Every structure is written in structure tokens, then in C-alpha cells.
1. Please give, to one decimal in nm, the separation of the simple spin-label points placed at B:D333 and B:K136, each 7 Å out from Cα toward the Cβ.
2. Before rounding to the nearest 500, sum -39500 (n - 2.57) across all DSSP H runs of length at least 4 in chain A and divide by the residue total; then give [θ] at 222 nm in deg cm²/dmol.
3. Any chance you could run the full-extension gain for B:L143 through B:D207? It's 0.36 nm times the residue separation minus the Cα-Cα distance, nm to one decimal.
4. Students often forget the sequence filter, so: which aspartates and glutamates lie under 18 Å Cα-Cα from B:K40 once same-chain residues fewer than 8 apart are removed?
5. Neighbour counts of other C-beta atoms within 10 Å: give me B:S211, A:S27 arranged from fewest to most.
6. Looking at chain B as a GNM with Cα springs under 10 Å, which of B:T369, B:T275, B:T108 has the largest mean-square fluctuation?
7. How far is the Cα center of the stretch B:272-327 from the Cα center of the stretch A:34-52, in Å?
8. Can you compute the FRET efficiency between A:A108 and B:D178 using 1/(1 + (r/R0)^6), with r the Cβ-Cβ distance and R0 = 45 Å? Round to the nearest 0.05.
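Bear in mind that the values in this text are calculations on the coordinates, not laboratory data. Every value quoted in this text rests on a predicted model; they were computed, and no experiment measured them. As a convention, Cβ positions derive from the backbone with ideal geometry for all residues, glycine included, and neighbour counts pool all protein chains shown.
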Amino acid sequence: MEKLILEETEDTPEIILDPEEGKFKISKISVPENALDFYRPVLDWIKQYAEEPNIQTVFDFDLEYVNTASSKQIIQIILLLQKVSEKGNVKVNWYYESIDEDMRALGARYKKLVTVPFDLVEIE
Amino acid sequence: MAKESTNNLFGAAYDLFKRIGDSDFEYVYRGYFNHNITKKILILADKSIAKVTGDTQATLQKRIYYIMVEGLQNITHHQDEIANDRNFEKYPGIFAIQKSGEKYFITTGNIVANDKVADLKSRLDVINSLDKDELKKYHREILTGGTISDKGGAGLGLIEMSRKSGSKLHYKFDRLDDEYTYFYLQTQLPSDNKNDDDTIHAHCSMDGVMSLHQRMTKDNLQLLFNGFFNQENLLSLLAIIKSRSNLPLTTIKISNVMVEMLQNIIKHGEKSVNTSAGVPGVFFLGQTGNETILTSGNIINEDAASVIAQRLEFVNGMAKDALSDYYDDILLDFDSADAKKTGLGFTDLRLKSDRPLKYEFQKLDGGNTFYLLQTAIKTNK
């Protein structure tokens with residue numbers, strides 16, 4: 001499957017969805033005005049990927065800022081990853097800086113809402 | 001009761017908001033200036049100016065930029081000079097850029113030692129007494145052999161500010177105590193409006209800025225943003241907040257809350273006129289005791305007010321645990337396709353705010369309402 005790479009902008013995250021390299025990562029900042037439009041291609045991509053995923057998928061979230069509009073899109077990504085896990089092994093890593101209570105809390109919220117293996121990973 | 005905020009500007013926010021015109025703005029930063037903050041302030045101001053001047057006034061925009069750079073450097077110079085002194089914390093510097101009609105006003109303020117005042121004043125008076133050609137000559141003289149001041153500039157910065165603006169340098173000295181005087185410096189441009197009606201610019205005049213400074217000091221405001229909001233200046237404001245990062249955890253929280261509040265204005269605020277510059281509003285950030293207070297104000301449709309009030313009462317009335325569960329519910333509710341209606345914003349703000357969300361509505365003419373919202377974040381070390 002063709003990889004999907006989106007470079008970071010001032011208000012949208014860097015997105016790497018690369019099955020060949022086995023790299024799946026959303027990082028940096030996500031505060032777009034229109035999160036719906038921004039995440040649509042990402043959701044479409046994962047939907048398609050769920051049909052025929054790698055044996056192992058490790059999906060990393062390493063975000064610095066997330067607005068509420070994005071948080072609603074991110075839960076959809078995670079739910080799709082749950083779907084991916086029906087055909088392959090999936091693990092989600094949610095990175096947060098040790099001082100960032102809000103980012104930890106958001107990760108904990110997602111973890112609670114899904115059944116896919118979900119690790120909260122503190123970084124210094 | 002302690003419940004009442006000492007942040008008096010809450011009530012005055014509408015007066016602030018309405019005093020500026022449709023394509024006008026005023027940004028004021030009060031506090032400690034470091035290189036990073038200075039850079040971000042420049043970006044914010046420059047982008048905003050670009051939005052309203054358009055391509056036709058590239059020269060003006062460059063001049064304003066230049067003057068802002070000089071002014072900001074002035075503040076940091078003075079700040080460095082007094083680096084070992086607590087007094088800079090006691091009397092923080094201030095930078096203001098205001099646009100009123102066709103005119104821009106750039107004001108800086110900082111403390112200087114009392115024994116430097118006379119020298120500074122005489123330099124300013126010399127500069128103000130010279131015409132364009134004389135200034136050019138004076139500039140060259142100093143460049144080629146004048147005495148360099150301990151600030152390293154021999155007042156070159158001041159001369160350049162005067163030359164670039166083409167107008168006199170307005171200044172005021174306000175003696176604070178036995179050691180220090182507050183020094184205000186203002187540049188106005190462009191200078192070609194001969195008979196300017198100063199009454200429309202009253203809030204930008206030296207007196208106007210000084211009285212605003214007084215208010216900001218009294219309420220301990222660090223940032224005031226009055227004008228139009230768009231995604232671009234939201235990001236610049238975010239960068240400014242990030243640069244003040246002496247308290248990392250608090251900074252993150254403030255940033256998160258600020259993004260929601262400002263995007264709320266951008267998404268739901270009414271425009272009085274159709275301008276591409278953004279949605280008019282006012283935002284300020286201040287410190288009361290151990291809380292950082294964030295306040296936003298904007299115009300909404302009168303009919304929206306009751307809906308907003310209901311939602312705010314709803315989130316304020318809930319215990320945080322229950323509210324957190326409610327957050328999960330909305331997160332998983334994909335049926336309401338309209339992202340605007342999820343209500344996540346208020347829920348998130350209430351969860352992050354350390355006290356109930358404070359709000360106020362003020363009915364305006366023409367079916368509009370001015371809507372104020374305030375959140376508070378405890379300052380954690």
C-alpha cells in the first residue's frame with residue numbers, strides 16, 4: 001500500500017503512515033481550524049490499511065498540542081486501529097512529556113475507551 | 001467575598017473592544033522581554049500589519065517593522081543594564097503597537113536609572129529639534145566618530161527611529177522612586193496626515209497608552225490583544241505564551257485553554273463588517289494571586305447567547321468526574337456530524353479551568369450581544 005506522508009505545518013502534525021518501513025506516527029502540533037478536513041485523508045488511509053495490514057503495527061502518537069476538534073478525530077483513528085487489530089497485531093504508543101498533565105490525561109482517556117493495546121509512555 | 005475577581009478589566013472589556021475600529025488593533029505585552037519573546041512579538045505584529053496594509057504599503061510595513069525592532073531592542077538593552085536588579089520585575093517593560101485609522105503607534109516603556117534621565121532627555125530633544133537633512137548629517141557624524149554610549153548606540157537607534165518614522169519622538173518620564181524612572185517612547189507613522197483628528201486616536205496617544213499601562217499594572221495583565229482574530233495570530237500568540245516559559249506546566253495548560261478560547265472566537269464570533277482580516281474580539285491574560293486568568297470577548301448573535309449560557313451552566317453545574325464521563329460520551333458520539341456542535345470545547349475548558357467558567361453578556365444594538373468568557377489556571381511550580 002502506498003505510504004501517506006504529511007509534513008508538519010504551523011498548526012497541523014507531521015504524519016507518517018509507511019507500512020513498508022513499518023513506521024506509523026503522528027507528531028508535533030494539532031490545532032487546525034478544520035480538523036475534519038485535515039484528518040479525512042488520514043482516516044481514509046487507515047480504513048484501507050485495515051483491509052490488509054502488516055502482521056505488526058506499532059502506532060506512535062507524539063503530540064505537543066491537541067485542540068478539541070482534533071481530539072475527536074484522533075479517537076476515530078484509534079478506533080480504526082482497533083479494526084486493524086482484527087487482522088494483525090496492533091500496539092498504540094501515546095507519548096507525553098512528564099510535565100504535560102493534559103496530554104497524559106488525554107492519552108489515559110483514549111486508553112480507557114478502546115480495547116486495542118495502548119501504552120502511555122512518559123518522556124523526560 | 002474572595003470569589004469576586006479582582007480582574008477589573010472583565011467589566012471594562014467591552015469598552016476596550018468598542019474603542020477600536022473595524023480594521024484596527026492594539027497589542028500590548030507587559031513583562032519580561034527575552035530574545036525569543038521579542039522575535040514572536042515581531043512576527044505577530046508584522047503579520048497583522050500585513051493583513052491590513054496589503055501589498056500597496058510594503059514600505060510602510062517595513063518601516064514599522066524596523067521601528068519595532070529598535071524599540072524592542074531598546075527595552076532589552078535597558079533591561080540588561082539593570083539585569084542584577086529586582087526592580088525590573090517590580091516594574092516590567094511594556095511594548096504596544098496600535099493601529100487607529102490609517103495611523104500606527106508604537107510605544108515602548110521601561111525603567112531607566114534616575115541619573116540617566118537628563119542625558120536621555122537631552123538626546124531626544126536634540127533629535128526632535130533637527131529636520132530631515134540635519135538628522136541625516138547628525139547620524140553620519142555619530143557614525144564616523146561620535147562618542148559611543150555605554151549602551152553601544154550613541155542614540156543611533158533613536159535617530160533611526162525618528163528618521164524612519166519621519167516624525168518626532170514622543171516621550172514621557174514618569175519618576176517611580178529614588179532610583180528609577182519609567183521611560184515611555186512613542187513613534188507615530190505615517191507622518192503625512194497634517195491635520196489629524198487626534199480625538200479618534202485618543203486611546204493611542206501617549207496619555208492613552210499610559211493610562212492603559214496603569215490599568216494593566218493594576219490588574220497585573222501581561223498580554224492584551226484587541227482586534228481581529230484568525231488562525232495565524234492565534235499561532236503567534238501561542239508562540240508568545242510558549243516563550244515565557246518560566247513555568248512549563250502552567251504554560252502548557254494556559255496554551256491549551258487559550259487555543260480553545262480563541263478558536264471559539266474564530267469559529268463562532270460575528271463579524272460587524274465583512275473583512276478578511278479575521279473576527280473581531282478582545283483577549284487578555286493576567287495574573288491574580290496564584291491564578292492565571294484568561295479572558296476573551298467577542299460579538300455573537302443575540303439568539304446564540306441563551307444557548308451558550310445553557311451550555312456553560314451545564315458544564316459549571318457538573319462535578320468534574322461526571323463531566324469527564326460526559327466528555328467521553330461526546331468523543332464517541334459520531335452522529336452529530338457538525339464538529340462545531342460537539343460541545344467538547346466548553347467541556348474541555350471547564351475540565352482544565354480551576355474554577356467555574358465565568359461569563360457575561362451585554363446586549364448591543366442590531367441584534368448582537370457582546371460575550372465575555374473567563375477561565376482560570378492555577379499557577380503550579
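1. Taking the simple label geometry, B:D333 and B:K136 are separated by 6.9 nm.
2. -12000 deg cm²/dmol
3. Working: separation 64, 0.36 × 64 = 23.04 nm, distance 3.38 nm.
Net length gain for the segment: 19.7 nm.
4. Here the aspartates and glutamates satisfying the reach criterion relative to B:K40 are A:E10, A:D11, B:E26, B:E70, B:E232.
5. Values: B:S211 13, A:S27 16.
Final ranking by Cβ density, sparse to dense: B:S211, A:S27.
6. B:T275
7. A separation of 31 Å, based on Cα centres.
8. Details: r = 55 Å, r/R0 = 1.22.
The value I calculate is 0.25.
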